[in-house]
Every structure is written in C-alpha cells, then in structure tokens.
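The values are calculated or read from the model by the stated rules, or taken from the named source; none is laboratory data. All figures in this text were calculated on a predicted structure; none of them were measured in a lab. Heads up, the Cβs are rebuilt from the backbone with ideal geometry, glycines too, and the neighbour counts pull from every protein chain shown. Side chains included, ligands, DNA and RNA excluded: accessible areas come from the protein's heavy atoms. Shrake-Rupley method; radii C 1.70, N 1.55, O 1.52, S 1.80 Å.
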Amino acid sequence: KKREIENHNELRETFINADNNFISLKNEKLEYIFANRALRDFYGKDKSQIIGNKDVDLFDGEFALKSEVTDKDVLDKKDIVIYDMEIEDKIYQSTKFPVKLLNGQYGIGAYTRDITEEHNNKYKLREINDRLDKSNALLKGILESSPEVIVFALDNNYRYLSFNKRHKETIKNIWDKEIEIGMDMLEV
C-alpha cells in the first residue's frame, strides 16, 4: 500500500511538473509546502530552498507583497481570489483558493499563468477597433454629406444594409416611400 501511494504521488508530481504554469500549495502560515518545477525555475531555486519559506523570503518587490496580501484574503474569506500582476515585462494571472490541509487548517492553493501575449493581443485588438470606428465614422460623414445618391450595401436578397441621407430623400421625393435598413429594395 505504501509503495502504491508513493508511486501515485510520484506520478502526480510528474504530471504537475509538466505544466509550464506555476502551481503551488502553502500552509496556514503562508509557507510553501509544494511548488512545481515552473515556479521553482521562476524563483531560480531548488525545492529545498522554497519549501518552508514565504514569498517575501524568496522574492523582493511587489509580487511577494501582493502574493501575501491575496493569500491572507483567501484564508480570511475562504474563497477564490483571481488577480493580475505585472512583473518586469510580463503579466501574470493568479488564481488562489482555500485548501483544507491534513492538520485541519486551511492553506492556499495557487495556479498562476503568464497572460502577457493574451493581454497584448487584447490591447492591439482594442487599438484596431478604435481605428476602425474612427475610419467608419469619417467615411459615413463623407458619404452622408455627399450630394450624390449612394447605396452603401445590399445583401443577397436586395435588402438595404446601408444608404446615405440623399438616397432616402430621393426615394421619398420620387415614390413617396420611407425606406429603412433591412427593407427590400425591390419593394420600393
């Protein structure tokens, strides 16, 4: 039985160490009782240098302080806390959650992943959307102010998707009909 449990624990640790994200478990004193390989590599320390220590013992700066504050928050509220933080040129998202330990106390489980690329892509997409909105507004302004009749777009069923004010006025003057987006052009 003991060998089965040891084998199971070795397999579990191998599986967890295969993850490139940081996975850890801390006790009620905020000391590490488990840190996967990715987290050990992040700290640049081996297992024996991490286990039994707190973040403030291992890492200077905002990361260690924010980690301690959120750890205490998880323990106080007994609830999940998710937060983002910037460390040097990277952005990490950490999910922390309460874990009942064998001694009956609560510790903190954590899963932290690098979201730098995701964050940068969202920022770039937001910039592109802003530029598109400005371009669309400019184009619409130009077309609306044109003295020419312009139908911007029709779908496959000849329904209006867009037209300028001059086209709407022309239809009203010639056929005495009001047109709207989605209306069948052939019914005018």
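In whole percent, what relative contact order does segment 1-89 give with Cα contacts below 8 Å and a gap of six or more residues?
Working: 75 pairs, mean separation 15.4, N = 89.
Taking the mean separation of contacting Cα pairs over the length of segment 1-89, I get 17 percent.
Of LYS54, LYS77, LYS172, which is the most mobile in a GNM of the chain whose springs link Cα atoms less than 10 angstrom apart?
The residue that fluctuates most here is LYS172.
About the Cα centre of the chain, how large is the charge dipole given +1 on each Lys and Arg Cβ and -1 on each Asp and Glu Cβ? Please answer in debye to the nearest 20. Display every interim value, and only then the final one.
Values: 31 positive and 37 negative charges, 91 e Å.
Here the chain has a charge dipole of around 440 debye.
Could you please state how large a percent of the accessible area of segment 1-149 is carbon and sulfur, counting protein chains only and using a 1.4 Å probe? Walk me through the numbers on the way to the answer.
Working: 5250 of 10130 Å².
Taking all protein chains in place, segment 1-149 shows 52 percent carbon and sulfur surface.
At R0 = 45 Å, how high is the FRET efficiency between ILE115 and LYS177 if r is their beta carbon distance? Nearest 0.05 is fine.
On the way: r = 53 Å, r/R0 = 1.19.
The computed FRET efficiency comes out at 0.25.
Return the sequence-ordered ³J(HN,Hα) values of segment 178-188 in whole Hz as given by the Karplus equation 6.51 cos²θ - 1.76 cosθ + 1.60 applied to θ = phi - 60°, using x for Gly and Pro.
With coefficients 6.51, -1.76 and 1.60, one gets 8, 10, 9, 4, x, 6, 6, 4, 6, 7, 6 Hz.
Spin-label point model (7 Å from Cα, Cβ direction): what's the ALA64 to ALA18 distance in nm?
3.4 nm
ARG166 accessible area, nearest 10 Å², 1.4 Å probe?
100 Å²
For segment 53-65, take each phi angle, set θ = phi - 60°, evaluate the Karplus expression 6.51 cos²θ - 1.76 cosθ + 1.60, and give the result in whole Hz per residue in order, putting x for glycine and proline.
10, 9, 4, 5, 7, 9, 8, 8, x, 4, 4, 5, 5
Just to confirm, what accessible area per residue do you get for the chain at 1.4 Å probe, in whole Å²? Could you put the intermediate results ahead of the total?
Values: 12960 Å² over 188 residues.
Value for the chain: 69 Å² per residue.
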